[in-house]
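Read through the structure below, which is laid out as structure tokens, and then see the notes.
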Amino acid sequence: MILKLKKYLWLLLIPLFFIPGITKASSLSFVSPGYSVIPEIATSSEVINVSWQWQALSPVFDYKFVSDQIFDPAQPMTIKISYDKTNNYLKQIFVYDELGGKWLPLETHDFPNEKYVSATTTSLSGRLALFSNQNILTVGTASWYNYKGGNFAASPDYAKGSLIRVYNLSNNKFVDVTINDWGPERAKHPDRVVDLDKVAFKKIASTGDGLVKIKIEPLKAIVSSVNQKLDQQKSEPVISASSAIIFNEKTSEMIWGKNADKVAPLASLTKLAAIKVFLDLKPNLNKVVTYKIQDEKNNEKYCEPGEAAKIKLKNGDTLKIQDLVYAALVGSANNAVESLVRVSGLSRDKFIAQMNKMVKEMGATSTSFIEPSGLSPENVSSPHEYAIISKAILSNPLIQKISTTISYKFKTINTKKEYKVINTDKLVQASPYLITGSKTGYLDEAGYCLMTRVKTADGSIIVVNFSSKNREESFLDNEQLILYGTAKLKK
């Protein structure tokens, strides 16, 4: 079909069928200055998966220009795909590469007020579809803060060094900013896209406005390490961990797993069970107790002196029980665990027996402990059983609070020396997720282990990975599983 237009070529096709998650008003059009031939376009009811982190916002559009004389590659056509349902996340038009056999992203511009996206093409035929990445927020609000006094911003989605264009949607003013800080916390501000340096904010709005509605476009995107790992067309996570699970806390069902029932050393993940047994004895957390060098000697039954993480107390130092609990769970101090066992009122053997009894009652029949800190490779569990254990233990609000404390300071009573312990989980220190439980672990025999409990709008998930190949991969594995589990809960 040929239609003569004076300056622009338009074609609009509205699908008459319905695909779950895709609005009926999704449509495709082409704008090409100087040409007047309309391509043949068909829509497909096929639902494709570019990758698990991308959600389809349109059907697949097949187009073909009948004549090859209508098109000058020096004046590429503009593709426009509309979307009727508000979506505040990164949107991208993908085109199918017939030779490579995969979908490739086009540079895409979003117009949220008009609810369409655009890209350009020089191809006379092809397959197109619109997708949204639910992990990267691009439309929402921005606030300001004083930091470096320049065109800078904080982002939880793009790494430092990224160049981002920020548009004020009320007046269309924009400013180009470099990401030089992490934030804002999405768990506290779910619609906050970035925080702008005051200097940058004043270029698009008055500081008296406080918050403005914005959209962003990455000009030079440096994605986070986890998003680099996600940049692959896979239907499920690809992780270095030898075993892992994403666990739906509400239903106790496995959302996804990799060798989830494989029994292996769990290292310092042991400490969560030890702290639960100790707190169940109802201790007075403000009680002052005395540190004994024997506590770290117990650690040295399983490792060489100086190898185990510890809080550097001296024999005879006095401190509160609360300080030992935080040192054990936040800083993963092995000697602090042994101190708690000693002051618990139970013998060491009975304390460990209670740990084993407790997890068996939780349903973790393959889990066992021979010591309370996790230094022995004979302390074993599986990701599935540890998720079950974590669900039960993290029902305790105090353990939730302590395990997700970023840092904790205390002073010894006798010497007034100040100590500070930092959470060993980097995701607790800085991440956009609402983490409500956490524990790290490492042994040569166990590799790097990590458990996080994450609260989402659709429920809580517990993510456990055993034996990641290094510390950084442990965090990347866990974060990728958080993203995958969160996406699955939304469906």
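Residue by residue, here is whether (1) buried (at least 22 other Cβ atoms within 10 Å of the Cβ); (2) modelled with pLDDT of 95 or more; (3) of a type outside the set (Ser, Thr, Tyr); (4) out of contact with any Asp or Glu (no Cβ under 8 Å at 6 or more places or on another chain) holds:
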{"residue": "405", "(1), (2), (3), (4)": "no, yes, no, yes"}
{"residue": "411", "(1), (2), (3), (4)": "no, yes, yes, no"}
{"residue": "414", "(1), (2), (3), (4)": "no, yes, yes, no"}
{"residue": "439", "(1), (2), (3), (4)": "yes, yes, yes, no"}
{"residue": "457", "(1), (2), (3), (4)": "no, no, yes, yes"}
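Tell me which residues, restricted to the stretch 102-112, are closer than 17 Å to residue 165 by Cα and touching a residue at least 24 places away in the same chain (Cβ under 8 Å).
Matches in the stretch 102-112: 109, 110, 112.
Report yes if some residue within the stretch 390-398 is among the β-branched types (Val, Ile, Thr) and either surrounded by fewer than 16 Cβ atoms within 10 Å (Cβ to Cβ) or within 20 Å of the chain's Cα centre (by Cα) (or both); otherwise report no.
Checking the stretch 390-398: not a single residue is among the β-branched types (Val, Ile, Thr) and either surrounded by fewer than 16 Cβ atoms within 10 Å (Cβ to Cβ) or within 20 Å of the chain's Cα centre (by Cα) (or both).
Taking the condition under 29 Å from residue 216 (Cβ atoms), at pLDDT 85 or above and crowded, with 21+ Cβ neighbours inside 10 Å, does residue 128 pass?
For residue 128, the condition - under 29 Å from residue 216 (Cβ atoms), at pLDDT 85 or above and crowded, with 21+ Cβ neighbours inside 10 Å - is met.
Say whether the condition of being modelled with pLDDT of 75 or more, aliphatic (A, V, I, L, M) and more than 30 Å from residue 192 (Cα to Cα) is met by at least one residue in the stretch 1-11.
No.
Looking at (1) assigned to a helix (DSSP H, G or I); (2) surrounded by fewer than 21 Cβ atoms within 10 Å (Cβ to Cβ); (3) in contact (Cβ under 8 Å) with a residue 60 or more places away in the chain, find the lone condition where residue 277 falls short.
For residue 277, the failing item is (2).
Condition (residue is in contact (Cβ under 8 Å) with a residue 40 or more places away in the chain, assigned to a loop (DSSP other than H, G, I, E, B) and closer than 25 Å to residue 134 by Cβ) applied to the stretch 193-208: is it met by at least one residue?
The answer is no; no qualifying residue exists.
Within the stretch 376-389, track down each residue that is closer than 21 Å to residue 327 by Cβ and buried (at least 24 other Cβ atoms within 10 Å of the Cβ).
Hit for the stretch 376-389 is 379, nothing else.
Is it the case that the stretch 264-283 has a residue that's farther than 26 Å from residue 385 by Cβ and either out of contact with any Gly (no Cβ under 9 Å at 6 or more places or on another chain) or hydrophobic (A, V, I, L, M, F, W, C) (or both)?
Yes, the stretch 264-283 contains at least one residue that is farther than 26 Å from residue 385 by Cβ and either out of contact with any Gly (no Cβ under 9 Å at 6 or more places or on another chain) or hydrophobic (A, V, I, L, M, F, W, C) (or both).
Output the residues belonging to the stretch 351-380 that are in contact with an Asp or Glu (Cβ under 7 Å, 6 or more places away or on another chain) and not in a loop (DSSP other than H, G, I, E, B).
Of everything in the stretch 351-380, just one residue is in contact with an Asp or Glu (Cβ under 7 Å, 6 or more places away or on another chain) and not in a loop (DSSP other than H, G, I, E, B), namely 352.
Can you tell me which residue among 361, 385, 371 is in the same structural domain as residue 301 (by TED's automatic domain parsing), over 23 Å from the mean Cα position of the chain (by Cα), within 29 Å of residue 307 (Cβ to Cβ) and among the acidic types (Asp, Glu)?
Matching residue, one of 361, 385, 371: 371.
Sort out which residues of the stretch 318-335 are more than 16 Å from residue 299 (Cβ to Cβ) and either at pLDDT below 95 or not in a helix (DSSP H, G or I) (or both), and write them in order of number.
Across the stretch 318-335, the qualifying residues are 318, 319, 320, 330.
Output the residues belonging to the stretch 165-186 that are at pLDDT 95 or above and of a type outside the set (Ser, Thr, Tyr).
Answer for the stretch 165-186, where residues must be at pLDDT 95 or above and of a type outside the set (Ser, Thr, Tyr): 165, 166, 168, 169, 171, 173, 174, 175, 176, 177.
The values are calculated or read from the model by the stated rules, or taken from the named source; none is laboratory data. None of these values were measured; they are calculated from a predicted model. Backbone-built Cβ (ideal geometry, glycine too); neighbour counts: all protein chains shown.
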